[in-house]
2 protein chains.
Amino acid sequence: MRRKTVTIRDVAQRAQVSVSTVSQILNGNHSYVSADKRERVLQAAEELQYRPNAIARSMVKQRTGTVGMIFTSVVDHLFIHTIKSAQAVLKPEGYTIFLADTPDIESEIQAIAALQDRQVDGFIFVSMTSVADSAHLQRLKAEEVPFVVINRPRVQAYDFNQIQWNDWEAGYLATRHLLNLGHTSVATICGPRQGLPHWQSAFDRHEGWQQALAEQGIMVSPDWIFDGNYTCQGGYEATRQLLQQAGSKSKLPTALFVANEEMSIGVLRALHYAGVRVPQDIALVSVGDTPFTAHMTPSLTTLAHPVAEAGQIAAQILLKQFATKELLPTQKIMLSFDMRVRESCGSNPEPSEIFF
Amino acid sequence: MRRKTVTIRDVAQRAQVSVSTVSQILNGNHSYVSADKRERVLQAAEELQYRPNAIARSMVKQRTGTVGMIFTSVVDHLFIHTIKSAQAVLKPEGYTIFLADTPDIESEIQAIAALQDRQVDGFIFVSMTSVADSAHLQRLKAEEVPFVVINRPRVQAYDFNQIQWNDWEAGYLATRHLLNLGHTSVATICGPRQGLPHWQSAFDRHEGWQQALAEQGIMVSPDWIFDGNYTCQGGYEATRQLLQQAGSKSKLPTALFVANEEMSIGVLRALHYAGVRVPQDIALVSVGDTPFTAHMTPSLTTLAHPVAEAGQIAAQILLKQFATKELLPTQKIMLSFDMRVRESCGSNPEPSEIFF
DNA sequence: CTGTTAGCGCATTCAG
DNA sequence: CTGAATGCGCTAACAG
């Protein structure tokens, strides 16, 4: 049931040399071999379709050429780009990715153990969630296993390699954009800021919103704050509440900062059925970007997560650590969101209508 | 830089027994050991925090407890559920997934080689794309490596384990649904049916549409067929063309079968700016489902891919093969799409409007 | 019932 | 410059 595995010994035998000679030639080691034997070995390897067994190799080299990637998937379309970009830098270097999807801390711990048993050379943690407990990561650190965490809440205090994105800035820039457009009443629909699970990003984005307003001397009214819980449904309900509270179209805020894209979908829905047009009646800026965002009605102005960048940098950090004997100093990197200005904020014109 | 690895020998030494005794006890092998020694070994292992090295184990067992999952990602939100569900069945059995994202055939071949070098026990291929060349899979088959392919075009003729979903049926059911609602003019916006890359699914879904119409004795007019190329933008443009061709609202078809969800996003957009309401003026059914589909405006009636099911079944097939010495007969499984009736087809009422 | 022995496939000293 | 010997950590016969 297994392929008749051809080993280094088979090659040696066929080339009429010793095993170690084959190994040296194939690994390009710096002891000179006669061109004659080199040729014979190369040819034998070719003829036999020899491929070194990576497992056996890792046994002696004490490195496997694998990295474990552990993610707590809540927002799939985000982490997938992290995986891809990490893979894009790891693969050319001969590394392969072990993947584990871990819904909670306990299964994360389990996954780490399983991958450590398989002797991965390092880890990348991608958490798009509220998971915060990082005590077990401290143990990893103590064992001097290289790893980097991406977007993990409350790790700033730890001495880990970490890549975060600036949620505060996202809220701030989104709101600034609206302010610059002349809006003065900018309501917000936020993610889960209290209770559990409680998302750090919801808190940070909200702070950014507040700061931008404060800088303009605008007093934020509690009436402008609605909780949408980061879900489509939550965004929908928050908006209905907003509409009800306003009572009339003229009393609506003129702009809206919606803390994530999921909620925006619901917001758009509620607004539509209330006859409130975006951006004519109310402008909207959100956070997050999917392949659909640019094609919705209206297309959404958003701040896009630097997910691909994060994965790429994480992989590069690992690679650098792999190449070095001693421990490299830990890196703490903060990435900015990328503003994508489209229709929902009113900056861009809508397509010309088609009349019959 | 590596954790001071504790080996089975350390445990043996501490428990004052031989290495093999430790191995037997820890692996629950069926030779009886004195309760005394068993206790000592267990305790020593515990105290030393011993964890067997999976790499070393796989060397001798000739199986690694890993499966390679190779996907050509085009539609991310689809395959991600395949991965997750496969993982859900593999993990409890002690298997770990190696992941590789391969944009084209060449890198797929490369990835297979890399994973074979790492001695994976089997493969799952997930292709949501037009990739069709499967010659290298035939080699895999010849080497008796267990694998199953999901949604790979033109593999029917091969003797592989394969899981497909019934694109024809999707088109058929979608159209039937529209027909049952009383529509008689059902236009379609299709995926790339000719040229390269050319998607089998586009062709199949289109056939289903045609068949449903034919069964009702409805002659399909070429005027009802538009190519949207499976993209948002394509859907948008196809719809503009449809509108232009109709010339007036009254001449529009009353229903639309859109062959995938991406295109639907664009269709909705074009229709919206033309003042054509969905579903009041035109009903719409599509194929594909994301977390957003149910919350869009209007929410989309779709046929959802059986992606999770596919991943689960694939994993189960592998597991069964792993447990058996001889080759199991290959399985060819056809899965149905799942109809999700929502607003866009007109079956469900829209939410009550909120008036000021 | 337990310990000794022999590899799994490979890379790496170290003599010759 | 080359090949024989050693061991990575573990399991599986095989004796005792």
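The values are calculated or read from the model by the stated rules, or taken from the named source; none is laboratory data. Here the structure is a predicted model, which means the values were calculated and not measured. Cβ placement follows ideal geometry from the backbone for every residue including glycine, while neighbour counts extend to all protein chains displayed. Areas reflect the complete protein model, heavy atoms only, side chains present, ligands, DNA and RNA absent. Shrake-Rupley method; radii C 1.70, N 1.55, O 1.52, S 1.80 Å.
Details
- The residue of region A:55-80 that is farthest from the other protein chains (Cβ to nearest Cβ), among those that are small (Gly, Ala, Ser) and within 16 Å of DNA strand D (Cβ to nearest atom), is A:Gly65.
- When region B:24-66 is limited to residues that are within 9 Å of DNA strand C (Cβ to nearest atom), of a type in the set (Gly, Ala, Ser) and at pLDDT 85 or above, the one that is most open to solvent (accessible area, probe 1.4 Å) turns out to be B:Ala56.
- Search result, residues across region B:213-242 that are open to solvent by 30 Å² or more (accessible area, probe 1.4 Å), aliphatic (A, V, I, L, M) and over 21 Å from B:Ser201 (Cβ atoms): B:Ile218, B:Met219
- Checking each residue of region B:220-235 against the condition of being over 24 Å from B:His305 (Cα atoms) and modelled with pLDDT of 95 or more gives no match.
- The set of residues in region B:286-321 being more than 10 Å from chain A (Cβ to nearest Cβ) and either closer than 21 Å to A:Thr239 by Cα or free of Cβ contacts under 8 Å to residues at least 40 places away in the same chain (or both) consists of B:Leu300, B:Ala304, B:Lys320.
Yes/no matrix, rows are residues, columns are (1) of a type in the set (S, T, N, Q); (2) farther than 18 Å from A:Ser58 by Cα; (3) within 12 Å of DNA strand D (Cβ to nearest atom):
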residue: B:Arg14; (1), (2), (3): no, yes, no
residue: B:Arg38; (1), (2), (3): no, yes, no
residue: B:Leu48; (1), (2), (3): no, yes, yes
residue: B:Asn53; (1), (2), (3): yes, no, yes
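- Residue, surrounded by the fewest Cβ atoms within 10 Å (Cβ to Cβ), within region B:131-154, restricted to residues that are closer than 25 Å to B:Glu261 by Cα and over 14 Å from the mean Cα position of the chain (by Cα): B:Arg154
- The residues listed here are B:Thr96, B:Thr102; of these, the one that is of a type in the set (Ser, Thr, Tyr), within 12 Å of another protein chain (Cβ to nearest Cβ) and under 17 Å from the mean Cα position of the chain (by Cα) is B:Thr102.
- When residues of region A:120-130 are limited to those that are touching a residue at least 60 places away in the same chain (Cβ under 8 Å) and of a type in the set (Gly, Ala, Ser), the one surrounded by the fewest Cβ atoms within 10 Å (Cβ to Cβ): A:Ser130
- Considering each residue of region B:335-344 in turn, at least one proves to be open to solvent by 50 Å² or more (accessible area, probe 1.4 Å) and hydroxyl-bearing (Ser, Thr, Tyr).
- The set of residues from region A:243-278 being more than 10 Å from chain B (Cβ to nearest Cβ) and open to solvent by 10 Å² or more (accessible area, probe 1.4 Å) comprises A:Gln245, A:Pro253, A:Thr254, A:Asn260, A:Arg277, A:Val278.
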